[in-house]
Every structure is written in structure tokens, then in C-alpha cells.
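Derivation of every value follows stated rules applied to the coordinates shown; laboratory data play no part. What you see is a predicted model, and the numbers here were worked out from it, not measured in a lab. Because the Cβ atoms are built from the backbone with ideal geometry, glycine has one as well, and the counts that use them run over all protein chains shown.
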Amino acid sequence: MKQNTLTLALGRIFVLICSFMALQSAPALAAPGTQAPQNAAAGAASAQPSPSALGFRIRNADEESDRPAAAPALASTPLGPTEKKQLLARLPALTQTADDSKDFALRAPSIPVPRTGPTLNASFPPPPASIPTPMGVSAQGPLKVERYAPEGPVEIAPQLSVTFSQPMVPVTALDALAQNKPPVTLTPQPAGTWRWLGTRTLMFQPHTRLPMATEYSVEIPAGTQAVNGQRLAQAVRWTFSTPPPGIKAVWPTQKGPETEIGDSPQGPSSAPSVPSAPVRLDPVIFAAFDQAIDPATMLTSIELRRGGSGGGARTVALRLATQAEIQADPTVANLAQNAPQGRWLAFKPAALLAADTNYEVTIRPGAKGAEGPRTTQKAQHFTFKTFGPFKAVAPSCDSDPACPPFAPVTIRFSNPIDSARFK
């Protein structure tokens, strides 16, 4: 312990001696508020005040050797004319090559000014006899209908098109073609426009699409004449149809993210639905369709049965939900906002439902939409269940069924809980 104390004391004395020697060798520090004098010596660094009262001067020890030595100036005498000629005579003679001389580079000449041609007076459209036959079209043979669409049962019909084997209209302005009666009859014909795509294809373009739930018939009468005089030997007829109303989305439901519903040309189909928890006793029931409907008319074809569709099922009276009731249910309000306008309805049971009970919503055959006369041929239905007693179900450990120590435990409840009030 005494040895350590002595060593520490000697170290402090050594530091004080070094500090005193540095202050003696350093230039005087400027007083506070005054400018310190600059050292005139090259490469010297001015001492700066230090909180430890230690001053340092740093300079290059080999500063003189780092400076490049100035080269001595040598005496020189300019060459005279005779000496210059003698020096140039020692160089080899210059020989001219092909690349030493080139013509001046000129830009390409401008193209000549176009000359005016003769003025030709011709009628438009030209006479039918002077119109050449389009490629792939035979000028000989009878007039035929090459193709048409749609045909038969279709999910949706955006337009009607017919293509003939011969040009049916001359090449003229579109306004002139619109004044001619089309050679095709569509029954029933909704609001829309007939227009020609070229001279052989005729299209009927409805304002939106051809209405749903409708049977259509199309006829091209015999004797229809082409531009070249060829006529249609026999009448051409066909039919197509759009489907009756079909469910696209429902709530509430127990079927999960998809509910099997029916009445499409290919049979039952899958429509998206919103998976729900156990339903309260006065639910707002939502159903969206693939076409426009009248909610009051559609409600007459909907029934709600307790316990499913068995013999002991009891029908529950229904009524349309008010706008305030729809907005009070966040799920139904969101579904209604995202559904196309005029294609959904929301309804409620006229009285409270029984708790812990299965219910089935059925859209009976014969349901009618607002676009066409066709009615549904098959029942469409979905189910839900009202809430039962509140209890914990299926507690488990997510990571290990054995629930080792410190493993998280998940508890599922039979009914939704109020997270704000849950303690």
C-alpha cells in the first residue's frame, strides 16, 4: 500500500514538471478578450489555451528536407537564322499522303419540291360496281350469315353481333348508315343503337347491357339483300337468354366464406358471403343479387324458418329494414355501401328470434327481379344461428397441446365479448 502511494506521488510531481517546462517554452497566451500574437516562424503552431493548463507545439521535424530545392537557372542563347536552318535540315523530308487533302464536307442536298398533280373529281361513296371485293370475301355465291352471338343461355349479354358473307352497306359516312333500317330484328329490343363494324358486321349496342332474366329472339328475314345484289335464301332465327335473379352475397351465414346457392345455367354456384359469429335475436339480414330487384317484391318470395326446412320448421314473419336500422349495423351498412345500387335488400324478423336456434333463409322458386320476366326455378337458401349461453369453449395452447409451463393459452368464447368492458 505504501509503495503504491509513493508511485502515485512521484507521477504527479513528474506531470507538474512537464507542465512547467511546456509553459516556459510556449509563447505567452493572450489574455481573455485580446487576440493572441501569431508566430512568424514557418510551420510553427500557436499554443491554444487548455483547461488542463498544458500547452503543446506541433511542427514537422523534417520541414526543411520536405521543401523541394529550387533548380538553378542556366544561361541560354537564342538560335540565329542560320542555326535554325541547320537544325531543321536534320529532319526527314515531309511526304504527302492521300489523307492529307480532302474536299469540303457538304450536307446532303434537299429533296426537290413536290410537283402538283392533276385534280381528280370523284363521287364519295363510289358506285357499288367500282368497289373491289374485300379479301376473303367471294363475290360469287348466295348471301349467308357466317356467325352470330350470343346464343343459348348466357350469364351476361353485353351486345348482339351478326356477320354476313357479303358487304351489306356501302362505304359511306356513319350518319348515313344510321338512317337505314338494320336487316336484323331483336325481340324484345331494349334501348340502344345499331351500328356497322365495317360493311359486313352489324352490332346492337345497348346503353348498359342487355337486361337480365329475359328470353331474346333474333330473326334475319329471307330475301335480305347485300350490296352486290345477292339475297338471303332462307330466314335465319335463333334465341338466347339471360339468367333470373341469383344471390351474390348474404349475411349472416354459418357456411363460412362461401355459401352454395343455386339457379344458374350450369346448376348451383358459389357466391361470397361474410362469415358471422352467433347472431343477435333481432338481426338485420342482407342479400345482394346479380341484377336489379325491387326489395318489396323480392321480400314476398323470401321466408325465414326456425329449425331449417324440416316438417317441424316454423315460418317467421319478415319486414324490410329501415335506413336507420341498416346504418346501426356496421356489417350490413358496409355491405350495402359496396353492393351495386338497386341490387340488394335488407330485412328483419317482425319479432325477436329464439336464442341458441338455427334459422334458414329461403328464396323460393318463382322469385322475380326488376329487369326481366324470367323467374327463379330453384330454391336458394342460407342459414345462421342465434347466440346461446355465454361460455368458454376449446381452451388450448397454440404451440403445444400439452400446455407446458410458460406456454400461451388461448380461450375462445361462444359469443363475442365487449373488449372495452372485459377485465
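Peptides 280-288, 220-228, 67-75: what's the order by average Cβ count within 10 Å, highest mean first? Write down the numbers at each step before the final one.
On the way: 280-288: 20.9, 220-228: 15.8, 67-75: 5.8.
Put in order of decreasing packing, that is 280-288, 220-228, 67-75.
What is region 275-423 by shape, rounded, prolate or oblate, if you read a ≥ b ≥ c off the alpha carbon gyration tensor as root eigenvalues and call it rounded for a/c under 1.5, prolate for a/b larger than b/c, and oblate otherwise? It comes out prolate by the Cα gyration axes.
Strictly over 30 Å apart at the Cα level, which of Lys248/Lys385; Lys348/Lys368; Lys348/Lys391; Lys144/Lys248; Lys144/Lys181; Lys348/Lys378 would you flag in this model? Violating the 30 Å Cα-Cα cut-off are Lys144/Lys248. Here the calculated FRET efficiency for Ser101 and Thr77, from their Cβ-Cβ distance with R0 = 56 Å, stands at 0.90, rounded to the nearest 0.05. Amide H contacts of Leu318: Ala350, each under 5 Å away and 5 or more positions distant or on a separate chain (H built 1.01 Å from N in the peptide plane; Pro and chain starts excluded).
The string of couplings for region 226-233 from the Karplus curve (6.51, -1.76, 1.60, θ = phi - 60°) is 8, 5, 7, x, 5, 10, 6, 6 Hz, one whole number per residue in order, with x for Gly and Pro. Taking amide H as placed 1.01 Å from N in the peptide plane, Trp238 has its amide H under 5 Å from the amide H of Val218, each at least 5 places away in sequence or on another chain.
Using a 10 Å cut-off around each Cβ, can you sort Phe382, Phe387 from fewest to most neighbouring Cβ atoms?
Phe387, Phe382
Using the Cβ-Cβ distance between Asn121 and His207 with R0 set to 30 Å, the FRET efficiency works out to roughly 0.10.
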